[in-house]
1. Could you tell me which numbered condition Val158 fails, if it satisfies all but one of (1) buried (at least 20 other Cβ atoms within 10 Å of the Cβ); (2) modelled with pLDDT under 70?
2. Could you tell me which residue of the stretch 5-20 is surrounded by the fewest Cβ atoms within 10 Å (Cβ to Cβ), considering only residues that are touching a residue at least 60 places away in the same chain (Cβ under 8 Å) and more than 9 Å from Tyr62 (Cβ to Cβ)?
3. Inside the stretch 132-155, can you point out the residues that are modelled with pLDDT of 80 or more and crowded, with 19+ Cβ neighbours inside 10 Å?
4. Would you mind telling me which numbered condition in (1) more than 15 Å from the chain's Cα centre (by Cα); (2) of a type in the set (A, V, I, L, M, F, W, C); (3) modelled with pLDDT under 85 Leu86 fails?
5. With free of Cβ contacts under 8 Å to residues at least 12 places away in the same chain and either open to solvent by 60 Å² or more (accessible area, probe 1.4 Å) or closer than 17 Å to Gly21 by Cβ (or both) as the only criterion, which of Val49, Val54 stands out?
6. What are the pairs with Cβ atoms under 8 angstrom where one residue, in the stretch 144-172, is touching a residue at least 40 places away in the same chain (Cβ under 8 Å) and the other, located anywhere, is assigned to a helix (DSSP H, G or I) and among the charged types (D, E, K, R)? Sequence gap at least six, or different chains.
7. Give me the residue from the stretch 29-45 that is surrounded by fewer than 17 Cβ atoms within 10 Å (Cβ to Cβ) and under 16 Å from Tyr144 (Cα atoms) and, out of that set, modelled with the lowest pLDDT.
8. So, Leu192, is that one more than 16 Å from the chain's Cα centre (by Cα), modelled with pLDDT under 60 and open to solvent by less than 60 Å² (accessible area, probe 1.4 Å) or not?
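The values are calculated or read from the model by the stated rules, or taken from the named source; none is laboratory data. Only a predicted model underlies this, so the values are computations on that prediction, with no experimental measurement involved. Here the Cβ positions follow ideal geometry from the backbone for every residue, glycine too, while neighbour counts run over all protein chains shown. Ligands, DNA and RNA are excluded from the accessible area calculation, which covers all protein heavy atoms including side chains. Shrake-Rupley method; radii C 1.70, N 1.55, O 1.52, S 1.80 Å.
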Amino acid sequence: MVVNDVQILEMLKTGQRQGMGVLFDRYYKPLVLFADGFMHNMAEAEDVVQEQLVKLWEEELYERIHPRALSTFLFTMVKNSCTNRLLRKGIKTEHLNMPHYQIAQEEAEGLDEAVVNTVLTAMQKLPHKTRVVVETVMQKGRMYKEAAEELGISVNTVKTLLKMGLKELRGELKDHKNMFFLLMMWNKRNDLRL
């Protein structure tokens, strides 16, 4: 059963903790990839997203979100947190070329076939081992340790190959970066076989 954003917010507002689980399953990976676009550090991107999701729950920020604006709210929270971290490091953010901030799930469902083909072509250009790691972590949703066990490699190798693969894909897909993020999250499309 697919739960939409309105239902997720309703679960959160009625105190149903599983609402956070559903929200996490749907948004964690695209938010981390989005944050990595700012931070260029996957571990730090994960920290940002985890902090923001905890803040959303502990401070009951979901009470203030319009039922149709969950996606926009989450990506804006993460963007603001990344921007603040970069500013604290003395990095100016006004000239950063970041993907569109108001990413919504509906965009993923309506991906243009040309964009899909561009992403698939870019994936195929990755070295085999790198591509397999990217697919295992991003598409299949495996944690680093799970991916390492499944592929018979170390966790550090998974992290290294994933970082290299995402860097190559970012360069290859610089004109379609936000679509790449969405594609990785919403891989449910039957016609996609990454």
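1. (2)
2. Filtering the stretch 5-20 down to residues touching a residue at least 60 places away in the same chain (Cβ under 8 Å) leaves 5-6, 8-9.
The next check asks that each one be more than 9 Å from Tyr62 (Cβ to Cβ); those that pass are 5-6.
Details: Asp5: 24, Val6: 12.
Ranking the candidates gives Val6 first.
3. Passing the criteria: Val133, Val134, Glu135, Thr136, Ala147, Ala148.
4. Every condition holds for Leu86 apart from (3).
5. Details: Val49 fails: free of Cβ contacts under 8 Å to residues at least 12 places away in the same chain.
Matching residue, one of Val49, Val54: Val54.
6. Leu166/Asp36; Glu168/Lys125; Arg170/Lys177; Glu172/Lys125
7. Initial filter on the stretch 29-45 (surrounded by fewer than 17 Cβ atoms within 10 Å (Cβ to Cβ)): 40-41, 43-44.
Okay, now just the ones that are also under 16 Å from Tyr144 (Cα atoms), so 41, 43-44.
Details: Asn41: 88, Ala43: 91, Glu44: 92.
Here the answer is Asn41.
8. Numbers: more than 16 Å from the chain's Cα centre (by Cα): yes; modelled with pLDDT under 60: yes; open to solvent by less than 60 Å² (accessible area, probe 1.4 Å): yes.
So Leu192 passes the test.
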